[in-house]
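These notes are about the structure you will find just below.
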Number of protein chains: 2
Amino acid sequence: MSEAHSRKKQPALIRRLILDSAVDLARQEGLVGVTVEAVARAAGVTKGGLFHHFPSKQALIQGMFEDVLQKLDAEIDDILEKDDYRPGSFTRAYIETMLSGEEFGLESPWSAIGVATISDPSLGLAWSHWLAARLERHVETDGAPILEVVRLAVDGAWLAHISHGKEGLDVAAIREQLLSLTRG
Amino acid sequence: MSEAHSRKKQPALIRRLILDSAVDLARQEGLVGVTVEAVARAAGVTKGGLFHHFPSKQALIQGMFEDVLQKLDAEIDDILEKDDYRPGSFTRAYIETMLSGEEFGLESPWSAIGVATISDPSLGLAWSHWLAARLERHVETDGAPILEVVRLAVDGAWLAHISHGKEGLDVAAIREQLLSLTRG
DNA sequence: GCAAACAAACCGACCGTACGGTATCTTTTT
DNA sequence: AAAAAGATACCGTACGGTCGGTTTGTTTGC
């Protein structure tokens, strides 16, 4: 209470700032750019300060990851509402989010996090659990085998894009085709 | 001393040994396990010796990568012959190779290299070029849009497998479905 | 109402180490 | 002899993490 005037010492805000700075750094310089010192500097905090909020670098990365998953959920839900929960709607939302969304599409903060997810087994597991849980909620509309293929293709396209730029892959065309496959 | 037992120096063999050891190490401990020292030790060579064959670590990684691409080409060609170059034959070979082959399927040396490909832009580019070149040779049989989707799905399935184990993904079933998709 | 006392937030200098790379010397091959 | 192959010792540094200290905020005793 009375936080209206107290401008000093706002740990929650600092935590947010650190997280955002880390994601920002990851986008700009990739995973390798995310060193504890660099993140701290970007957030206007010292290394000691950062370690006060996150006991280890691993904890920091995990924090970023959870943060991102939350936003991911939100964006998908958002698209889902407009699609009115028809067959394949989750898969369509997945396509839109991963392949064209502002927040998660290519060229987004998420890209760097994705790379982390690949190299770090524990993050990969967390991602897998997220997907499984999410999928369970959409079994009725998105259980068809072809839709799983489509979602895997989304991952493939996303991977191709982040690992070797846009060379030789017409993402827009792919997206359209995948969308049409969800309606076939 | 006694030249009867003194083995001749065979730089080409050493080079091969280094490369194989590096790939082996990558499979066992992942990318992080591939340090210059560790590779050298595994190959029964000292660091100095390794640097005699590869001027930098980057060169070593690139060497591994090219080596793998070569084997990949060979395996695909092998399968291709049996399939007799019918429509979708390259895509089928791609499926078989990446999703079930001994050499490149999951649980293979290639997995770790794949992770490297993702994080290292220059490798990613090389991969992209390889795929583009290979694809050009099969435009006639594998140009259909659905086949591109299938290949992307292969990448997606592969990614899922290496990044979070086999949890929640029936690779065998996916493989069968992808194969059937290549036959219209 | 106001200090003293305690706790949380934050700082910044320092450390250990792992790792890529180099410089130089010895051995082998031609 | 000279070039190539390989060994040994060493260097620079980037990075994650630690630790003692200082500042800021809150509670408690009087």
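The values are calculated or read from the model by the stated rules, or taken from the named source; none is laboratory data. Note that the coordinates shown come from a computational prediction; the quantities given were computed from them, not determined experimentally. Cβ coordinates were reconstructed from backbone atoms using ideal geometry, including for glycine residues, and neighbour counts include every protein chain displayed.
What about residue A:39, is it out of contact with any Gly (no Cβ under 6 Å at 6 or more places or on another chain), in a helix (DSSP H, G or I), at pLDDT 95 or above and hydrophobic (A, V, I, L, M, F, W, C)?
Yes, satisfied.
Can you name the number of the only condition in (1) closer than 29 Å to residue A:184 by Cα; (2) more than 10 Å from chain A (Cβ to nearest Cβ) that residue B:69 fails?
Checking residue B:69 against (1) closer than 29 Å to residue A:184 by Cα; (2) more than 10 Å from chain A (Cβ to nearest Cβ), the one that fails is (1).
Residue under question is residue A:94, and the condition is that it be at negative phi, among the hydroxyl-bearing types (Ser, Thr, Tyr), away from DNA strand C (no atom under 16 Å from the Cβ) and assigned by TED's automatic domain parsing to the domain that holds residue A:117; does it hold?
Yes: the conditions hold for residue A:94.
Got a sec? Which of A:23, A:32 is among the β-branched types (Val, Ile, Thr) and at pLDDT below 90?
A:32
Out of the residues in segment A:50-95 meeting the condition of being within 9 Å of DNA strand D (Cβ to nearest atom) and small (Gly, Ala, Ser), tell me which one is surrounded by the fewest Cβ atoms within 10 Å (Cβ to Cβ).
My answer is A:56.
Please work out if residue A:98 is within 16 Å of DNA strand D (Cβ to nearest atom) and in a helix (DSSP H, G or I).
no
Does segment A:32-49 hold any residues that are within 13 Å of DNA strand D (Cβ to nearest atom), of a type outside the set (Asp, Glu) and surrounded by fewer than 18 Cβ atoms within 10 Å (Cβ to Cβ), and which are they?
A:32, A:33, A:35, A:36, A:38, A:41, A:46, A:47, A:48, A:49
What about residue B:50, is it in a helix (DSSP H, G or I) and more than 14 Å from every other protein chain (Cβ to nearest Cβ)?
Spelling it out, residue B:50 is indeed in a helix (DSSP H, G or I) and more than 14 Å from every other protein chain (Cβ to nearest Cβ).
If a residue must be touching a Pro at 6+ places or on another chain (Cβ under 9 Å) and not in a loop (DSSP other than H, G, I, E, B), how many such residues does segment B:166-184 contain?
3
May I ask you to say which residue of A:32, A:36 is closer than 13 Å to residue A:115 by Cα, aliphatic (A, V, I, L, M) and within 14 Å of DNA strand C (Cβ to nearest atom)?
Going through A:32, A:36 in turn, just one is closer than 13 Å to residue A:115 by Cα, aliphatic (A, V, I, L, M) and within 14 Å of DNA strand C (Cβ to nearest atom): A:32.
Starting from segment A:25-51, take each residue that is in contact (Cβ under 8 Å) with a residue 60 or more places away in the chain and list its partners that are within 8 Å of DNA strand D (Cβ to nearest atom) and not in a helix (DSSP H, G or I), counting only C-beta distances under 8 angstrom and pairs at least six apart or across chains.
Going by the 8 Å Cβ cut-off, the qualifying pairs are A:26/A:34.
Quick grid of which residues meet (1) outside the structural domain of residue A:69 (by TED's automatic domain parsing); (2) surrounded by fewer than 22 Cβ atoms within 10 Å (Cβ to Cβ); (3) at pLDDT below 95:
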| site | (1), (2), (3) |
| --- | --- |
| A:113 | no, no, yes |
| A:121 | no, yes, yes |
| A:126 | no, yes, yes |
| A:138 | no, yes, no |
| A:146 | no, yes, no |
| A:150 | no, no, no |
| A:177 | no, yes, no |
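Consider segment B:44-77. How many of its residues are touching a Leu at 6+ places or on another chain (Cβ under 8 Å) and either more than 16 Å from DNA strand C (Cβ to nearest atom) or of a type in the set (D, E, K, R) (or both)?
Number of matching residues: 1.
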